[in-house]
Amino acid sequence: MARTGTTRRTFVAGAAAAAGTAAALTPAGGAAAAPRAPGQRQTVAVLGGGVAGLTAAHELAERGFAVTVYERRALGGKARSMDVPGSARGGRRPLPAEHGFRFIPGIYHNLPDTFRRIPFPGNADGVWGNLVAPKEMMFARTGREDLRIPLPWAGEEPAELTPDELRRAVTAFLGTAVRLPPHEIAYFANRFLVFLTSCDERRNAQWEQRPWWDFLRAEQMSNDYQRILAVGLTRNIVATKAEEASTRTVGSLLEAFVFNALGRGADGPLDRILNAPTNEAWIDPWEAHLRSLGVEFRVGWTVRELRLGSGRISAAVIEDPQGVRQSVTADHYVSAMPVEHARRTWGADLRAADPQLARCDRLQTDWMTGIQFYLTERTPILHGHLNCIDSPWSLTAIAQAQHWPGRNFPADYGDGAVADCLSVDISEWDRPGILYGKTAKQCTREELAREVWAQLKATVNDTGRTVLKDGTLHSWFLDPGVDGIGTPNPTNDDELLIHPVGTFHNRPAAATRIPNFFLSGDYVAVDIDLATMEGANASARQAVNALLERTGSSAERCTVTPLYRAPELEPSKRHDRLRYRLGLRNIHDLG
């Protein structure tokens, strides 16, 4: 149900917006702020302005807290879109770029709930109304027909297929099915059944410690089995190597998507994206709404240190845009930065105060970064996401113009010559490519763009059609967070949390042992065990609930919706719980 207009929470926030200040600033090492006057709102410093930080600010502001968000770069974090510098001509907007394309599947519930509460002109359901469903997806194979999969959903017309496309689809399906021996198909089905009927205790212990590659016995199987069922479900989606990825993580993801495809417990279709560049469709309206609730923003401010005094956070040392360090004081602090940045701000005293902070040092990140290719013609690849199964760099992509019906690309963006944006995610940065024999990190930016383009062409131009033409390539843009590639010291400012075995047990809770300090971000323990916008959103809700509990607040708690659990599987899980406690394998586990 849409929740727009005035609600009890937004009324409370609006009534309180004129009272109090969000946080006090003093020079680093200066005196603390004066005590809060009676009736003045409690203040919260939200450290980070990505999805987690903006969600925390949203929930807190609706409950009457005075909130200031400190963000070192740009609101939206890795989820934002950005302008290509110097690309605008003739009154048009700059070409839109991004860290990586957005993907909002129907397994998400918490993030869509936030979308519905962000007003957007003309949409009764707010930003949620800007979600559109691609009609298909494709597993593209090099040197073979591509496996094109329709994504039907109630009320949505399936993608139109010509007779030739139907022939290709049947050829691809049979080619894949025939190449997968029947015993491999049966074995994979059995392993999935084992996971589906495994109790939580077995998932959290046995399967968390077993790599997906081993769980599937991929080493003993055919190349197609490995590329599709092992690698295709890990590296291309969650930027984790199948040989290392936790079975708990990958299995939970697969389970959720299967139920989503069946229409069980889903917020919407299996695949959804925004109908415009992310900032236009979501982040900018969100910022405007939060400002209307009284949230203040400090963009360009970098958190350097959290100080502990008398068992509480006494101040956050933050560097302003001019490089001057200041002490920010507030009643409460919500750390909403990515884990690789957040843990740099935790000194030895904080880690000693709460051992779960020290365990965050064991969490691992890897590179998964986007590059956009701007084309002078619409690309006819497909109406949805492309997964380049055989590409050395594990590429995934989507052609965006067709999904932005309210935008006329050449009229609205760039110099008038660009008709489409092919947005590509690079998931594998340490494997040699096909053009230069270098890894992505060893390539210069120009070499990397040429290599990605070559891998795309090798994938989609290989069965008698020329889908991508060199003559249509206008320009490209690589995420600016990547720096120093082609040198001995490449860096990436926007790495992604990955999920090797054991990661689940090192994820921290949103509530810390420090009474005025809370954690949010996609590394915090939530039901969806993935580095996702949904996880960031859910963790922020948990952080706000923890803060409300600590303060004894009577405010309505945030709803945190878990992944769907099929009720008909619960008896099997209860039976498996008994077997697990007796030291027995799952009843379906044939080894």
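The values are calculated or read from the model by the stated rules, or taken from the named source; none is laboratory data. Values in this document were obtained by computation on a predicted structure and should not be read as measured data. SASA here: full protein model, heavy atoms, side chains in, ligands and nucleic acids out. Shrake-Rupley method; radii C 1.70, N 1.55, O 1.52, S 1.80 Å.
These residues, Val324, Val231, go from largest to smallest accessible area, 1.4 Å probe, as Val324, Val231. The alpha carbon gyration tensor of the stretch 179-267 gives principal lengths a ≥ b ≥ c with a/c below 1.5, which makes the shape rounded. The heavy atoms of Asp483 offer some 100 square angstrom of accessible surface to a 1.4 angstrom probe. Given axes a ≥ b ≥ c from the Cα gyration tensor, I'd like to know whether the stretch 499-566 is rounded (a/c under 1.5), prolate (a/b larger than b/c) or oblate. Note, shape of the stretch 499-566 comes out oblate.
With coordinates expressed along the principal axes, the C-alpha atoms belonging to the stretch 346-398 extend over 57, 24, 18 Å, beginning with the largest. In degrees, nearest 10, range 0 to 90: what is the angle between the Cα axis of helix 182-196 and the longest Cα principal axis of the chain? That helix lies at roughly 20 degrees to the long axis.
For Thr512, the residues whose amide H sits under 5 Å from its own are Phe517, Leu519, ignoring neighbours fewer than 5 places away on the same chain, with H placed 1.01 Å from N.
A convex hull fitted to the Cα coordinates of the stretch 197-237 yields 82 cubic angstrom per residue. The figure for Met138 is an accessible area of roughly 10 square angstrom, using a 1.4 Å probe on the protein chains alone. Every Cα-Cα pair in the stretch 538-591 was counted, and those over 18 Å apart are 59% of them.
The phi torsions of the stretch 87-100, fed into the Karplus equation with coefficients 6.51, -1.76 and 1.60 and a -60° offset, translate into couplings of 9, 7, 9, x, x, 7, 6, x, 4, x, 10, 6, 5, x Hz, rounded to whole numbers, with Gly and Pro shown as x. Taking every DSSP bridge with both residues inside the chain, close to 70 percent are antiparallel. Please determine, in degrees from 0 to 90 and to the nearest 10, the orientation of helix 533-551 with respect to the longest principal axis defined by the Cα atoms of the chain, where the helix direction is its Cα long axis. The answer is roughly 20 degrees. Ranking His499, His505 by solvent-accessible area of protein heavy atoms (1.4 Å probe, all protein chains present), from largest to smallest, gives His505, His499. Residues whose amide H lies under 5 Å from that of Asp589, counting only those 5 or more places away or on a different chain, are absent; hydrogens are built 1.01 Å from N in the peptide plane.
Near the amide H of Thr369, within less than 5 Å, lie the amide hydrogens of Ile426, all on another chain or at least 5 residues away, with H placed in the peptide plane.
When the alpha carbon gyration tensor of the stretch 375-530 is reduced to an equivalent ellipsoid, its three semi-axes come out at 34, 21, 16 angstrom, largest first. Computed from backbone phi with θ = phi - 60° and the Karplus coefficients 6.51, -1.76 and 1.60, the 3J(HN,Hα) list for the stretch 281-295 is 7, 9, 5, 5, x, 5, 4, 4, 5, 5, 4, 5, 8, x, 5 Hz; x is used for glycine and proline.
Karplus-based coupling profile of the stretch 377-394, in residue order and whole Hz: 9, 5, 8, x, 4, 5, 9, x, 7, 10, 10, 7, 3, 9, 5, x, 9, 6, with θ = phi - 60° in 6.51 cos²θ - 1.76 cosθ + 1.60 and x standing for Gly or Pro.
Given a 1.4 Å probe and the protein chains as shown, Lys457 ends up with an accessible area of around 50 Å². Taking all Cα-Cα distances within the stretch 342-451, those exceeding 20 Å account for 58%.
On the principal axes of its alpha-carbon atoms, the chain has extents of 74, 72, 52 Å, going from largest to smallest. Going by accessible surface with a 1.4 Å probe and the largest first, Glu534, Glu568 read Glu568, Glu534. What shape does the stretch 410-474 take by its C-alpha gyration tensor, where a ≥ b ≥ c are the square roots of the eigenvalues and a/c under 1.5 counts as rounded, a/b above b/c as prolate, and the rest as oblate? Judged from the Cα gyration tensor, the stretch 410-474 comes out oblate (a/c at least 1.5, b/c at or above a/b). Compared with the dominant principal axis of the Cα atoms in the chain, helix 51-62 is inclined by about 40°.
When Rg and the Kirkwood radius Rh are both evaluated on Cα atoms of the stretch 274-342, their ratio Rg/Rh stands at 1.06.
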